[in-house]
Each structure stands twice: as structure tokens, then as C-alpha cells.
1. Here are some conditions: (1) of a type outside the set (Asp, Glu); (2) at pLDDT 90 or above; (3) open to solvent by 20 Å² or more (accessible area, probe 1.4 Å). Val97 meets all but one. Which one does it not meet?
2. It is to be established whether one or more residues within the range 69-76 are open to solvent by 30 Å² or more (accessible area, probe 1.4 Å) and at pLDDT 95 or above.
3. Just name the residue that is least open to solvent (accessible area, probe 1.4 Å) out of those in the range 17-31 that are at pLDDT 90 or above and within 23 Å of Arg121 (Cβ to Cβ).
4. Can you tell me which of Ala64, Ala22 is over 17 Å from the mean Cα position of the chain (by Cα), more than 29 Å from Arg110 (Cβ to Cβ) and free of Cβ contacts under 8 Å to residues at least 60 places away in the same chain?
5. Please verify whether Val127 is touching a helix residue (DSSP H, G or I) at 6+ places or on another chain (Cβ under 6 Å), closer than 20 Å to Glu171 by Cβ and not in a loop (DSSP other than H, G, I, E, B), treating the condition exactly as stated.
6. Restricting the search to the range 32-54, which residues are surrounded by fewer than 19 Cβ atoms within 10 Å (Cβ to Cβ) and touching a residue at least 60 places away in the same chain (Cβ under 8 Å)?
7. Just the residues that are of a type outside the set (Gly, Ala, Ser) and open to solvent by 20 Å² or more (accessible area, probe 1.4 Å), please, taken from the range 100-113.
8. Out of Asp176, Asp78, Asp73, which single residue is free of Cβ contacts under 8 Å to residues at least 40 places away in the same chain and not aliphatic (A, V, I, L, M)?
Amino acid sequence: MGNRVTCIVRSAATVGEGAVPAPAHDELTTEAVGSWDVQYLLPFGWCGFVSPAFWAAHLDRLSAAMNAGDGPDPSVTDVVVAWPVAERVFAQRLPGVAAALPGVAEPLGRFLEDVRSVAVRTERPVVELVLGELVEMYWDEEDLERWSVDLRRETGFWDSPDTARSDERTELTELDRAVASREPERSFLLTGEWTLGGSPAPRDFPPQL
């Protein structure tokens, strides 16, 4: 099973972790309380937890590592956001996204509540997007530039949802297919499949990983 991408809720390793953009730890230093998995794409719903400043810092780390000849280790690839910050930016932007993309409001709202239900059971919760295996697919100068362009375009829909009606799409989030799909495939593409700590009673079982 390759190129797995995981969204984790865990306790902050240090006070203030994830409050501002900063490198992740090379290894998980606290146990995951909740996790959601998918393969070969970055679910559009996960992007809602990350503001442009955190994505910009992520891209800067990738460029610096590439220029230095370093590899895509977790401190370079992963994105960590303190839960209060992640929750706020997701909730504030969701109404605009839902208005622009009919059909996503219910699964994205349900995902937010599911992650919230895990975060409230976690001391000093942070959300971590474990992107290493996906980023590795882009790990040369030309492909890394494509990752940067595609990531900015796809995540930019959260801040400018009117652009979600554009015909310009990438395969990074497969947003078109998610919007066009019915449940449970739509929820799976938008938010992945919970594998630990998520809702105990999903409406239906998503495709198996």
C-alpha cells in the first residue's frame, strides 16, 4: 500500500505547537487520538484546516530542502496546525465553499464535527497532515514546481471559493470527481476514511483503502 496520506489529531508535543507555521517533528512524538487515511490524493476537506500562511511555509520548506539536496522527511513535508487555529479557519470558510460547490456542505460539515469530537478528547490538540508519501511522488525540481502550482490552486478554493467554478482543475484533490460523486464515494474523496477515533456510525462504508 503506497502513497498513503493521513490526517492525524494528536496532542501537541510542545506548548504552542501548531499555533504558527513551523517544521513538524521528524517522528510522531505523541500518540494519535484520531486519524483519517486516503491514497494518492490530498482530500479537499483536509485543506480547510490549513491557512495560506501554513501552506506557504510548507512550500518554502520543500524548496529549501530540494535546494540543499535533502530528502522529504516529515519535518519538511508535514503540516501541523493547532486545533483552535485549524477549527477557526475551517469553520469560517466553509459557508463560502458550500455556496460555491453544491453537495459538499453536508460531508464537509460532518467531517468537521467528527474531527472536533476527537479534538475535545485530546489534550492540547493539533491537526497534522502527513504528506510525505505523496510529496515523494513530486520529489524533483520540475515535479515539485507542479506540486506548488497545483497545491496553491486547489487550496486557494477555500479562500476564493468563486474560483471553484473555474474549469482549471488538477488531480491533486480530485475535487471535480468528489463533487460529481454520490455518497459514500463523495465523502471518501473529500475527507478520506476514518481509521481511528472517528465517528462510530458512518452513514455508509466508504471504499476500502
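1. Unmet for Val97, out of (1) of a type outside the set (Asp, Glu); (2) at pLDDT 90 or above; (3) open to solvent by 20 Å² or more (accessible area, probe 1.4 Å): (3).
2. No - not one qualifying residue is present in the range 69-76.
3. At the first step, the residues of the range 17-31 found to be at pLDDT 90 or above are 17-20.
Still in the running and within 23 Å of Arg121 (Cβ to Cβ): 17-19.
Numbers: Glu17: 25, Gly18: 7, Ala19: 51 Å².
Looking at the filtered set, the residue picked out is Gly18.
4. Ala64
5. no
6. Of everything in the range 32-54, those that are surrounded by fewer than 19 Cβ atoms within 10 Å (Cβ to Cβ) and touching a residue at least 60 places away in the same chain (Cβ under 8 Å) turn out to be Val33, Asp37, Gln39, Tyr40, Pro52.
7. Pro102, Glu106, Arg110, Glu113 - these are the residues of the range 100-113 that are of a type outside the set (Gly, Ala, Ser) and open to solvent by 20 Å² or more (accessible area, probe 1.4 Å).
8. On the way: Asp78 fails: free of Cβ contacts under 8 Å to residues at least 40 places away in the same chain; Asp73 fails: free of Cβ contacts under 8 Å to residues at least 40 places away in the same chain.
None of the others qualify; the one that does is Asp176.
The values are calculated or read from the model by the stated rules, or taken from the named source; none is laboratory data. None of the values given here were measured: they were computed from a predicted structure. All Cβ positions, glycine included, derive from the backbone under ideal geometry; neighbour counts span all protein chains shown. For accessibility, only protein heavy atoms count, side chains too; no ligands or nucleic acids. Shrake-Rupley method; radii C 1.70, N 1.55, O 1.52, S 1.80 Å.
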